[in-house]
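Data block below; observations after.
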Amino acid sequence: MEFLQPTFDWLGASWLGVASREVSWIFVAAETAHFIGLSILFGSLLVIDLRVVGFARFINMKAAMKFIPIAMVGFAINLLSGITFIASNPERYGPNIAFQWKMGLVLIAGLNALWFYFGEHKELSQLADGEDADFRAKVIGGLSLIIWVVVIILGRFMPFVE
Amino acid sequence: MEFDFGCIEPIGFVCSVELSSLGMWVTGGTGNYMAYPIALSAHGLGMMTVMGVVIAFNMRVLGFAKDISISAYDRLFMIGWTGFMLNLVSGLLLLTGYFSTYIFQGSFQLKIALIVIGGILMKSIMGGIRNGRDEKLTMLLSAACLASWTGAVVTGRLMAYLQ
């Protein structure tokens, strides 16, 4: 991830980087926010994706879609807290293999979400309670869950592969 | 109050747990350094799953996405229980490895208390919905339940920083 190092260094030199190193509670607060943000994101995805894959097919699909903005709120919390981590120690994250895989998977999850939203969202919203989604939508939903589970595990592994 | 057992020698129950073969296995004392990161990752995954289900369910109780029937959450609870079991097993492993540190730690004690309160509130909310209890009281309990589980996450994170 060498191509991102100048951006990480810029973040490290910014007011956020300075503040997160000098004010002890900022990093701790960002870590806590990162856990809560991921819980909000993952909980929303559980409702949507488990409905799509058919495991919880009696969840009203149209209502489940209301969790999409909630998932985005969770993601935004994670993005901001994640930027704070990098700003606090710009040298630490770029070379970390678990971080690299995590970011790669987050990118794939984002593309998968776009595929879901622009490719399947309209059709899925018409599903009746108990009705199965088509195979392509189930693949997207299943992929989304698997990717985020791996993202969570990789995040926890980061301190151990430095 | 500070407790400094150190666990250099097995002085009583607290240290004997930490220095047991299971405790040593978790902390890498047996030469296996993968147990701790795996237990920690499982704990993180379990926590996200439990919290995810708690958040999604309580948001519904509080009036969000009302078109989802409460009974449709049954399958989600199965996933939530799986996450909870993962948390329980991994949490017990981590506790065994660092027994002398965690057992006297205020943030750990508060975390466990909040999990127990959060669990009781979840059960009470479900019971209230089944028995047709006053909606406002159920919503109040639901907000308290969310606060309790969020508090458990916060105190869990603070365990790494506070004694």
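Residues in region A:110-162 that are under 20 Å from the mean Cα position of the chain (by Cα), within 14 Å of chain B (Cβ to nearest Cβ) and of a type in the set (A, V, I, L, M, F, W, C): how many?
Final tally of qualifying residues: 12.
Only one residue in A:148, A:115, A:101 is in contact (Cβ under 8 Å) with a residue 60 or more places away in the chain and surrounded by 15 or more Cβ atoms within 10 Å (Cβ to Cβ), so which one is that?
A:148
Can you name the residue in region A:39-64 that is surrounded by fewer than 24 Cβ atoms within 10 Å (Cβ to Cβ) and facing another protein chain (nearest Cβ under 9 Å) and, of all such residues, is nearest to residue B:43 (Cα to Cα)?
Per the criteria, the residue is A:50.
Does residue B:148 satisfy being buried (at least 18 other Cβ atoms within 10 Å of the Cβ) and closer than 26 Å to residue A:47 by Cα?
Taking the combined requirement at face value, the residue satisfies it.
Which condition number does residue B:84 fail, the rest of (1) over 15 Å from residue B:122 (Cβ atoms); (2) more than 10 Å from chain A (Cβ to nearest Cβ) being met?
(1)
Which members of region B:41-68 meet the condition of being within 7 Å of chain A (Cβ to nearest Cβ), assigned to a loop (DSSP other than H, G, I, E, B) and small (Gly, Ala, Ser)?
B:65
Matching residues to (1) in contact (Cβ under 8 Å) with a residue 60 or more places away in the chain; (2) β-branched (Val, Ile, Thr):
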{"position": "B:108", "(1), (2)": "no, no"}
{"position": "B:117", "(1), (2)": "no, yes"}
{"position": "B:120", "(1), (2)": "no, yes"}
{"position": "B:124", "(1), (2)": "no, no"}
{"position": "B:130", "(1), (2)": "no, no"}
{"position": "B:136", "(1), (2)": "no, no"}
{"position": "B:139", "(1), (2)": "yes, no"}
{"position": "B:142", "(1), (2)": "yes, no"}
{"position": "B:146", "(1), (2)": "yes, no"}
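Being under 21 Å from residue A:32 (Cβ atoms) and in contact with a Ser or Thr (Cβ under 6 Å, 6 or more places away or on another chain): is that true of residue B:146 here?
no
Within the bounds of region A:116-137, is there any residue that is in a loop (DSSP other than H, G, I, E, B) and either touching a strand residue (DSSP E or B) at 6+ places or on another chain (Cβ under 6 Å) or of a type in the set (Lys, Arg) (or both)?
Taking every residue of region A:116-137 in turn, none turns out to be in a loop (DSSP other than H, G, I, E, B) and either touching a strand residue (DSSP E or B) at 6+ places or on another chain (Cβ under 6 Å) or of a type in the set (Lys, Arg) (or both).
I'd like to know if region B:83-104 contains one or more residues that are without any contact (Cβ under 8 Å) to a residue 40 or more places away in the chain, of a type in the set (Gly, Ala, Ser) and assigned to a helix (DSSP H, G or I).
Among the residues of region B:83-104, at least one is without any contact (Cβ under 8 Å) to a residue 40 or more places away in the chain, of a type in the set (Gly, Ala, Ser) and assigned to a helix (DSSP H, G or I), which makes the answer yes.
Test each condition in (1) at pLDDT below 95; (2) within 12 Å of another protein chain (Cβ to nearest Cβ) for residue B:101 and report the one that comes out false.
Every condition holds for residue B:101 apart from (2).
The values are calculated or read from the model by the stated rules, or taken from the named source; none is laboratory data. The model shown is predicted, which means the values in this text are computed figures rather than measured ones. Virtual Cβ from ideal backbone geometry, glycine too; neighbours counted across all protein chains shown.
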